[in-house]
Amino acid sequence: MRFKLGDFVRFVEERREGYITTIFDDEMIGVTGDDDFEIPVLASKVTTVHGHQSSGIASQAFEEKRTPATEFITKGVYLAVTSDQRIASVVHFHLVNETSFQLLLSLTTEKPNQFKGKYAGIVAPKTAVKIYSAPLPDIQLWPTFHFQVLFYTAQNIRLTEPLVYKENFKARDFSGSKKTVPMLKEQAWLIRMDEPELVIDAEKLKESFFKPAEEKREVEKPTAEIDLHIEKPRDDHQFLGSEEILRIQLDTFKKALDAAVVHKLPAITFIHGVGNGTLKNQLHKLAGKHPHVQTFMDARKEKFGYGATKLLLK
């Protein structure tokens, strides 16, 4: 089939156009138009609109510009999800490369007993590439996304391990505010892909409850609301990098949550701010896996907006 997800097409026999949001088989596709409805249509009955072609499977060959080792950026791989400016229900996925590496990227989707390659290509340093499109209202039907990234440079730079990122998106992943992405010149939900996932060790927490009294240290009872803004725990925050700031904020979160469990608090609220959504996303992942968290939700919007999360404890 000559078409790909995200291609902008026009119907041959009627005045209608839209994005390809589903490929059923080699002959049938689904096209979502301005009315936000997806229409099944034979691939032979549509044609690509010039100037709207999708990136598709491509190799973006280019000459690498030499970057001084002291200026070579090794971190900064993001997934940016934008809303289509013409069709509100359609979202586009972009791989944003803020590093100095060339990224060799592949995207494979997974449904029950079905894997399908959707994108393969090279993403140049300091660029962004559209790799997938889908209707947001059908998020519960979306597949699981598997990203694999290799880091390449011809320069004398220490080898970076390949990045493997798996995500099964939920509606709450798009409940936060968007952030302006300079490379795309538009707003997007931004997800950091090259940050290690931090997980609370439930077994170590359990062991700490049963230590002899002489080995235990008194755990201070936390307040009902914990502010995670970096200026609270650190006066020197202006000298810290983004990775160090995130680590400190997550350490503060884990200690406060452990203390809340020890003191059997019914709930605790963490103020994380809006920002680019990285901290909020990490907190939600940790909360979702913690054995003592019953559920979590946005805290009072009239007080915090979307900048705080409330955890109900078991």
Inset, instruction - Find the relative contact order for the chain and round it to a whole percent, using C-alpha pairs within less than 8 Å whose residues are 6+ positions apart. - result: 12
Legend entry - GNM result for the chain, Cα springs below 10 Å: residue of P162, P68, P135 fluctuating most strongly: P68
Inset, instruction - Could you pull out every one of the lysines with an alpha carbon less than 17 Å from that of K289, ignoring same-chain neighbours closer than 8 positions? - result: K166, K170, K204, K206, K254, K255, K280, K310, K314
Inset, instruction - Given the options T144, T21, T82, state which has the largest fluctuation in a GNM of the chain using a 10 Å cut-off (strictly under) for Cα springs. - result: T144
Legend entry - Radius of gyration, Dmax [segment 14-161; alpha carbons; angstrom]: 17.7, 57
Inset, instruction - Treat every Asp and Glu Cβ in the chain as -1 and every Lys and Arg Cβ as +1, leave all other atoms uncharged, and give the resulting dipole magnitude about the Cα centre to the nearest 20 debye. - result: 360
Inset, instruction - Classify segment 8-48 as rounded, prolate or oblate from the Cα gyration tensor: take a ≥ b ≥ c as the square roots of its eigenvalues, call it rounded if a/c is under 1.5, otherwise prolate when a/b beats b/c and oblate if not. - result: oblate
Inset, instruction - Read phi for every residue in segment 5-21 and hand back ³J(HN,Hα) as whole Hz from Karplus 6.51 cos²θ - 1.76 cosθ + 1.60, θ = phi - 60°, with x for Gly and Pro. - result: 4, x, 5, 9, 10, 10, 5, 6, 9, 8, 7, 8, 8, x, 9, 6, 10
Legend entry - Residue list for segment 289-305, given a label point 7 angstrom along the Cα-to-Cβ vector of E231 and an amide N cut-off under 19 Å: 304-305
Inset, instruction - Could you run the Karplus curve 6.51 cos²θ - 1.76 cosθ + 1.60 with θ = phi - 60° over segment 309-314 and give me ³J(HN,Hα) per residue in whole Hz, x for Gly and Pro? - result: 10, 9, 10, 9, 9, 7
Inset, instruction - At 25 °C and 0.890 mPa s, grab the translational diffusion coefficient of segment 89-187 from Stokes-Einstein with a Kirkwood Rh over Cα pairs, rounded to a whole number in µm² per second. - result: 163
Inset, instruction - Note down the magnitude of the dipole of segment 1-145 about its Cα centre, charges +1 on Lys and Arg C-beta and -1 on Asp and Glu C-beta and zero elsewhere, to the nearest 20 debye. - result: 460
Legend entry - Choice from V77, V219, V90 with maximal GNM fluctuation in the chain (Cα, 10 Å cutoff): V219
Inset, instruction - Order the peptides 150-158, 303-311 from the highest to the lowest mean number of other Cβ atoms within 10 Å of their residues. - result: 303-311, 150-158
Legend entry - Range in the chain, longest, excluding exposed GluC sites (Glu not before Pro) [loop by DSSP; at most 15 other beta-carbon atoms within 10 Å]: 65-196
Inset, instruction - Please name whichever of L250, L190, G121 sits farthest to the positive end of the charge dipole of the chain, dipole taken about the Cα centre and charges placed at Cβ: Lys and Arg +1, Asp and Glu -1. - result: L250
Inset, instruction - Would you mind calculating the gained length between E243 and A124 on full extension (0.36 nm times residue separation, minus the Cα-Cα distance), in nm to one decimal? - result: 40.5 nm
Legend entry - For P182, net neighbour charge (Lys/Arg +1, Asp/Glu -1) across residues whose Cβ lies under 15 Å away: +2
Legend entry - Difference of contour (0.36 nm per residue) and Cα-Cα distance, F115 to L42: 24.0 nm
Legend entry - Over segment 8-48, relative contact order from alpha-carbon pairs under 8 Å, at least 6 apart, %: 39
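Each value in this text was obtained by applying a stated rule to the coordinates, not by laboratory testing. These numbers come from a predicted model, not from an experiment. Here the Cβ is made from the backbone with ideal geometry for all residues, glycine too, and neighbour counts use every protein chain on show.
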